[in-house]
Structure formats: C-alpha cells, structure tokens
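What follows is a short report on a single structure.
The values are calculated or read from the model by the stated rules, or taken from the named source; none is laboratory data. Keep in mind it's a predicted model, so treat the numbers as computed, not measured. Please note: Cβ atoms are built from the backbone with ideal geometry, for glycine as well, and neighbour counts cover all protein chains shown. These area figures cover heavy atoms from the full protein model, side chains too; ligands, DNA and RNA do not enter into them. Shrake-Rupley method; radii C 1.70, N 1.55, O 1.52, S 1.80 Å.
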Amino acid sequence: MKILKWIIIILIVLGLIGYVSYLVIDEDLPQGEKGEKAEQLADKMLAAVNDSAWQEIAIVEWDFAGKHHLVWDKDRHWAKVSWENYDVFIKLDSKKGVAFAKGKKVERDEVLNQLLKDAYAYWANDSFWLNPITKVRDAGTERRYVAQNNENLEGLLITYKSGGVTPGDSYLWLINKETGMPEFVKMWVQIIPVGGIKFSWENWHTTSGGAKISQTHKSFFTINIDELDTWTNAKEYPNIDEFIILE
C-alpha cells in the first residue's frame, strides 16, 4: 500500500509539473495582418532560400530523423518511402501504389491500403520538414505579417486552411530582417498540444543548383535531415528508376 501511495503521489506531482509547464510555455496564436507587407516578406524569404532553384529540382532523396528514407520524384509527383522492413511506392496525387514487406510484394488489399496511408502521412510530414518554406503559397494558405519585439526579426504567419494531413495548422516564421533567411519557426499544430513550440532553422545545405535547405531543427529535441541529395535532371539520378513499377 505504501508503494501504491508513493506512485500516486509521484503521478500527481508529474501531472502538476506538466500542467504548470503547459501554462508557462503555451502561447496564443498571433493575429497578424494580411496584405502587402506579408506578401513582400514571403517574397523576401523565398528569394533568400532561392526557391526558384528548388522548383528546378527533379528528384530529391533524404533521410528523416533516422526513421524514414525517402526518394521524391518531383516531376511525376511520386515517392518511395522506406521504413523498418517496408518499401512503399506511391503516386502522391491519387495515393495509390505498390508496397513491399521484406522484399515481397504486398498483395492483401487491407494491408496495402494501410501501408499506402502510412507512407503518404510520412511523406507529407517529412517533405514538410525538408522544405516547408516552398509551401508558403500553396493552395489554401493564408499569410499574415506579425511584428516582433526583436529588432532583428520579422514574423510571417502561415496558416494552412486546407490540404495536407492536418489542415488548420499554423507556422510563424521568424525571419532575419537583413538577410531574409528564416532563423526559427513557431508552431500551432494539431499534433503538439502546446502552442508556439519553437524550432531553429539552421545547418544550411546549398544544392548544386543553389537552393538552400536547412538540415537541423532544434527545440526540446532535434530533428535532422541526413543523406540529402538532389538532381535537376532525372536522367542523372544514379540509381535504377524503381518508379517504373508505378507505370
């Protein structure tokens, strides 16, 4: 009984710590202001990371947080998502495709459908972390300028009204006034119960075409983008075109 009593006390204390932390850390979503100032800041950030060079990339390959490996054929909008013993090839527009488990093709529809659903969710999340800046003018987005107390930073709030896996999510980009480069992002997303969680945007990789992609994002934990490589011409991709299986 004494052990049970102490377990209950510990759980109550942890619960109180968590609640107090929530009250201290949680931030309300800023309102901001739509209009020319927000659009100009979006243009400034896109130019700083050379978004036009990103648009020219045909294939991008990367490893997300040591959990998933992805190959994204941007021209055909197809992807290969690999994790554990699974390799899933998916047409991102239709969400249809082919899956393999331990090298064996998955034939059962219910298993295949679940793997395709998982693969699309992984791709949506992992490609967002790869380069969310390029999505600030996606269909269904709303942009607002948010003034900052820090004289070196400007704020651009992006709200995804529709599309993706979790419509309604908002991201506040904190952008260097001088360079236009994003330094941090604050998040108000369904997957995180606390509003305003802040991640750094650092360790920039410049592709051969000149696009800039951040590979390290630090907060209470760190997310790394590793094994990053890009090709502007699909014919230069060094591996066999595995996507032929989707044709």
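The label-point distance for Asn149 and Lys235, in a model that sets each label 7 Å from Cα toward Cβ, rounds to 5.7 nm. Which longest uninterrupted range of the chain lacks any trypsin sites (Lys or Arg not before Pro) assigned by DSSP to a loop state (not H, G, I, E or B) and surrounded by at most 13 other Cβ atoms within 10 Å? Longest run free of exposed loop sites: 178-247. Heavy-atom accessible area, probed at 1.4 angstrom with all protein chains present, ranks His205, His68, His217 as His205, His68, His217, highest first. With the biggest extent put first, the Cα atoms of segment 180-247 measure 43, 29, 19 Å across the principal axes. With all protein chains in place and a 1.4 Å probe, the accessible surface of the chain carries 53 percent carbon and sulfur.
Each principal axis of the Cα cloud of segment 150-193 was evaluated for its coordinate range; sorted largest first, these ranges are 34, 20, 11 Å.
Estimated at 0.36 nm per residue, the fully extended path between Asn113 and Glu178 surpasses their Cα-Cα distance by 18.6 nm. Only one of (i) 20.7, 69; (ii) 17.1, 55; (iii) 18.7, 56 was calculated from the structure for Rg and Dmax of the Cα atoms in Å, and its label is (i).
Under a 5 Å amide H cut-off, with hydrogens placed 1.01 Å from N, Gln148 pairs with Gly155 among residues at least 5 apart or on other chains. Distance between the pseudo-spin-label points of Glu39 and Ser94 (7 Å out from Cα toward the beta carbon): 3.7 nm.
Rg and Dmax over the alpha-carbon atoms of segment 39-166 stand at 17.4, 58 Å. Per residue, the accessible area of segment 125-247 comes to 50 Å² when a 1.4 Å probe rolls over the protein heavy atoms. Ignoring aspartates and glutamates fewer than eight residues from Lys198 along the same chain, the ones with Cα atoms less than 12 angstrom from its Cα are Asp26, Glu27, Glu183.
Using a probe of 1.4 Å on the protein chains alone, the accessible area found for Glu56 is around 120 Å². For segment 109-223, the equivalent ellipsoid derived from the Cα gyration tensor has semi-axes of 26, 17, 14 Å, listed largest first.
The stretch between Ala47 and Glu142 holds 32.3 nm of extra length on full extension. This uses 0.36 nm per residue minus the Cα-Cα distance. Remark: segment 107-237 carries a charge dipole of roughly 480 debye about the Cα centre, counting +1 on each Lys and Arg Cβ and -1 on each Asp and Glu Cβ.
Applying a DSSP loop filter and a limit of 11 other Cβ atoms within 10 Å to the chymotrypsin sites (Phe, Trp or Tyr not before Pro) in segment 187-241 leaves Phe220, Phe221. In the chain, taking the dipole from charged Cβ atoms about the Cα centre, the farthest positive-side position among Gly195, Ala139, Ala211 is held by Gly195.
With the biggest extent put first, the Cα atoms of segment 69-135 measure 37, 23, 18 Å across the principal axes. Accessible surface for segment 48-123, divided over its residues, is 51 Å² per residue with a 1.4 Å probe.
Mind checking the full-extension length gain between Lys102 and Ile192? Use 0.36 nm per residue of separation minus the Cα-Cα distance, one decimal, nm.
So the extension gain works out to 29.1 nm.
With θ taken as phi - 60° and the Karplus curve 6.51 cos²θ - 1.76 cosθ + 1.60 applied, the whole-hertz 3J(HN,Hα) list for segment 183-194 is 10, 8, 9, 10, 10, 10, 10, 5, 6, 10, x, 9 Hz, x standing for glycine and proline.
Between Asn203, Asn176, Asn85, the GNM of the chain built on Cα springs shorter than 10 angstrom shows Asn85 fluctuating the most.
A helix-only calculation puts the chain at -8500 deg cm²/dmol for mean residue ellipticity at 222 nm, using -39500 (n - 2.57) for each DSSP H run of at least four residues, averaged over all residues. Residues whose amide H comes within less than 5 Å of that of Glu27, counting only those at least five positions distant or on another chain, are Gly195, Gly196 (H built at 1.01 Å from N in the peptide plane).
Only the Cβ atoms of Lys and Arg (+1) and of Asp and Glu (-1) were treated as charged; on that basis the dipole of the chain about its Cα centre amounts to roughly 780 debye.
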